[in-house]
Structure formats: C-alpha cells, structure tokens
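Report on one structure; see the data block that follows.
The values are calculated or read from the model by the stated rules, or taken from the named source; none is laboratory data. Keep in mind that this is a model prediction, so the values were computed, not measured. Ideal geometry is used to build each Cβ from the backbone, glycine not excepted, and the neighbour counts take in all protein chains shown.
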C-alpha cells in the first residue's frame, strides 16, 4: 500500500532556463514616498512569466486610473536574466523611469518580479536626472522591505533499499531537504521523493553510504520542477 505524506500545493510553470534555487517575492508589496510634492507609489509582485507580469501591471494600473503615470518594469525569470524582461516610461521622458527601474530589478538578486511605480505629479518638475533617481529609489525602497521565499527546483526520484537502512535513509532525506511523496513498505522499502537539484548528488552518495551500496535510486523526471 502506498502512503501519501502531506505535501504543499505546487504550481509548475516552465522551468526551462531555471537556476537551482533563488528568492522570489512572497506577496504583493507596496511602499510610498513623496519627492518634491510628487507622490510615488511602488508596487512589487511575483510574476513567473511575461504574461503574468503584464496582468499584474494592468491590475495595478486599474487601481490608480487617475495617476499621472504608471511606469513599470519586470524580470520574469531567474535573477539577472534578460531573457524575459520589459519596461515602460508611460509618458515620462524616454529612459527616465522604466530603464532605471529595470536596472534596479536586474541587480536585486530576485527572480520573477515586476514593479509598478505610480506617480501623482505634484507641480514641481524633477528633471531627467531627478526622475531617474526617483523611480530607481522607489524600487530600491520597496525591495528593502519586500518579503521573499526561496524557489527551489526539485527532481523526483525513486529509492529502493532494505529495512535495516530505514532510519539512516530518513535522516539523510532530512539533511538534503528531500520531500517524501510516497512510501511503500513491502519486501523492501520504496520511496518516491522530491529532492533539490543541487542536493541530488549528495543524496546519491548518501544512499550508497547508508545502504552499503545495496540501495537503488532512479530519477523519474528529466527536468526539475520549481517548488516555492
């Protein structure tokens, strides 16, 4: 009989160019500041793909339809990756809003993130340099207090070993941050686990050590899946 330990719900977008693990926004986060009478509202969100980034941007824009500008940028992939990025000055002088926002995101070490900076003009012009600093500052300030979680790419494996090794193997699974998906106790112990990609080699070596070479491990899936 197979037993199914409790596991978290997982949404699996395309993991094609992923790293092994990286931080992502844990929730929508918003900060606000006033610069020379202009009100700047920065909203950050988790957007694991360009379409989701644009949906997030549209939602924030709909919250502030009377704003002077809703400028935005996103990095919809791993930290620092430019494969899926976007930006908009939304009517501000070219290069004064979207570009500094995007640069800030690319240097943040966060992945799958979008930023919208909403501006209500206060009557005092900031100049191009002042605008660039204001939009970058808004994103910096929001990033400083943004709650994050780690996205870990895992691979599913089947483990097969004899009963005397159970305690040692279970301790090994805890050490390598593996999640037990299914357990079968028959003539031998059979487990399905999801292990972080960067701990897979450690699991393979550890299983050999714990079982004296008598344990087997088989990788099920060719590509890692992302878990938050």
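Which residues, taken from the range 144-155, are crowded, with 17+ Cβ neighbours inside 10 Å and more than 14 Å from the chain's Cα centre (by Cα)?
If the condition is that a residue be crowded, with 17+ Cβ neighbours inside 10 Å and more than 14 Å from the chain's Cα centre (by Cα), then 155 is the only one that fits.
Just wondering, is there one or more residues in the range 119-127 that are surrounded by 18 or more Cβ atoms within 10 Å (Cβ to Cβ), in contact with a strand residue (DSSP E or B) (Cβ under 7 Å, 6 or more places away or on another chain), in the same structural domain as residue 28 (by TED's automatic domain parsing) and closer than 20 Å to residue 54 by Cα?
Scanning the range 119-127, I find at least one residue that is surrounded by 18 or more Cβ atoms within 10 Å (Cβ to Cβ), in contact with a strand residue (DSSP E or B) (Cβ under 7 Å, 6 or more places away or on another chain), in the same structural domain as residue 28 (by TED's automatic domain parsing) and closer than 20 Å to residue 54 by Cα, so the answer is yes.
Name the residues in the range 42-93 that are under 23 Å from the mean Cα position of the chain (by Cα), in a strand (DSSP E or B) and within 16 Å of residue 118 (Cα to Cα), would you?
If the condition is that a residue be under 23 Å from the mean Cα position of the chain (by Cα), in a strand (DSSP E or B) and within 16 Å of residue 118 (Cα to Cα), then 42, 43, 44, 45, 71, 72, 73, 74, 87, 88 are the ones that fit.
Would you tally the residues in the range 102-118 being in contact with a helix residue (DSSP H, G or I) (Cβ under 8 Å, 6 or more places away or on another chain) and either free of Cβ contacts under 8 Å to residues at least 24 places away in the same chain or within 23 Å of residue 62 (Cβ to Cβ) (or both)?
The qualifying residues number 7.
Within the range 162-177, is even one residue assigned to a strand (DSSP E or B), under 21 Å from the mean Cα position of the chain (by Cα), surrounded by 13 or more Cβ atoms within 10 Å (Cβ to Cβ) and modelled with pLDDT under 95?
So far as the range 162-177 goes, no, none of its residues is assigned to a strand (DSSP E or B), under 21 Å from the mean Cα position of the chain (by Cα), surrounded by 13 or more Cβ atoms within 10 Å (Cβ to Cβ) and modelled with pLDDT under 95.
Filter the range 186-223 down to residues that are in a strand (DSSP E or B) and free of Cβ contacts under 8 Å to residues at least 40 places away in the same chain and give me whichever is surrounded by the fewest Cβ atoms within 10 Å (Cβ to Cβ).
190
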